[in-house]
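The values are calculated or read from the model by the stated rules, or taken from the named source; none is laboratory data. Because the structure is a prediction, the values reported are computed rather than measured. Note that each Cβ is placed from the backbone with ideal geometry, even for glycine, and that neighbours are counted across all protein chains shown.
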Amino acid sequence: MNLQKLENQTNEIIDYWISEFKRTPWEKVIEKPSEKEWSLGQVGIHLWMASKGFFFKNAEKCLNKEGTEKGMGKKLGAHLIFTFGMMPQVKYEMPQQVAVIPKQPESLEQLIGKLEEIKKMAATYIQRIPDSDPALKTRHPFLGWLNTAEWIQLCNIHFRHHLRQKSRLQKHLGLK
């Protein structure tokens, strides 16, 4: 795995989100198309929450050998996601027991700060990948067992996955 390439790609996608938020009027960032849909700002908060509370948390478990297994593998769908670097173009709904509706960001500065925090954390985890045992994995509820590097890659893929949602929201808000 080319760690520099992973770091560059991760910085690139997070910087893209930051630039999109900066160029979008604040009232549009927090506008919801409907009561059941998220605002652009909520998508940003979701990306932050998922990165810190799921992807990086599991990467840390792999690094600390906490709750890990050896000899476990990914499901077939996960192999495709990692091969193509993207999730299928379908809407996913989180299971009720883990579904969290993100709060609206308090300000543009807060939202950008949270994304900058993820960028720094990702860089730290990427630097730690060589210290991890690739055979030690934790379980993803849909994809099977992932190691430290795969959790970080999946974080990157997750940011890219939400680009389709961002485009739908921008179109609805008259920004495209």
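The figures follow:
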{"item": "The stretch 6-32 residues that are free of Cβ contacts under 8 Å to residues at least 24 places away in the same chain and outside any helix (DSSP H, G or I), paired with ones that are buried (at least 16 other Cβ atoms within 10 Å of the Cβ) and of a type outside the set (A, V, I, L, M) (beta carbon under 8 Å, 6 or more apart)", "result": "32/38; 32/39; 32/42"}
{"item": "First in the stretch 160-176 and over 19 Å from residue 36 (Cα atoms) and in a helix (DSSP H, G or I), second anywhere and β-branched (Val, Ile, Thr) and modelled with pLDDT of 90 or more, Cβ under 9 Å, 6 or more apart", "result": "160/13"}
{"item": "Residue 150 exposed (fewer than 14 other Cβ atoms within 10 Å of the Cβ), in contact with a strand residue (DSSP E or B) (Cβ under 9 Å, 6 or more places away or on another chain) and either at pLDDT 95 or above or β-branched (Val, Ile, Thr) (or both)", "result": "no"}
{"item": "Filtered residues of the stretch 122-131 (kept if surrounded by fewer than 19 Cβ atoms within 10 Å (Cβ to Cβ) and touching a Ser or Thr at 6+ places or on another chain (Cβ under 9 Å))", "result": "123, 128, 131"}
{"item": "Among (1) more than 26 Å from residue 172 (Cβ to Cβ); (2) part of a loop (DSSP other than H, G, I, E, B) - the single one residue 81 does not satisfy", "result": "(2)"}
{"item": "So residue 139, is it in contact (Cβ under 8 Å) with a residue 12 or more places away in the chain, surrounded by 14 or more Cβ atoms within 10 Å (Cβ to Cβ) and assigned to a strand (DSSP E or B)", "result": "yes"}
{"item": "Top-ranked residue of the stretch 122-176 - restricted to ones that are in contact with a Lys or Arg (Cβ under 7 Å, 6 or more places away or on another chain) and hydrophobic (A, V, I, L, M, F, W, C), ranked as nearest to residue 64 (Cα to Cα)", "result": "136"}
{"item": "Qualifying residues in the stretch 71-87 (those that are surrounded by fewer than 11 Cβ atoms within 10 Å (Cβ to Cβ) and free of Cβ contacts under 8 Å to residues at least 40 places away in the same chain) - the one farthest from residue 1 (Cα to Cα)", "result": "76"}
{"item": "Residue within the stretch 89-105 that is modelled with pLDDT of 95 or more and of a type in the set (Gly, Ala, Ser) present", "result": "no"}
{"item": "The one condition in (1) in contact with a helix residue (DSSP H, G or I) (Cβ under 8 Å, 6 or more places away or on another chain); (2) in a helix (DSSP H, G or I); (3) hydrophobic (A, V, I, L, M, F, W, C); (4) more than 13 Å from residue 115 (Cβ to Cβ) that residue 38 fails to fulfil", "result": "(2)"}
{"item": "Test: residue in the stretch 44-52 that is farther than 27 Å from residue 26 by Cβ and either at pLDDT below 95 or of a type in the set (Lys, Arg) (or both)", "result": "no"}
{"item": "Residue satisfying all of: in the stretch 54-70; of a type in the set (S, T, N, Q) and in contact (Cβ under 8 Å) with a residue 40 or more places away in the chain; surrounded by the fewest Cβ atoms within 10 Å (Cβ to Cβ) among these", "result": "68"}
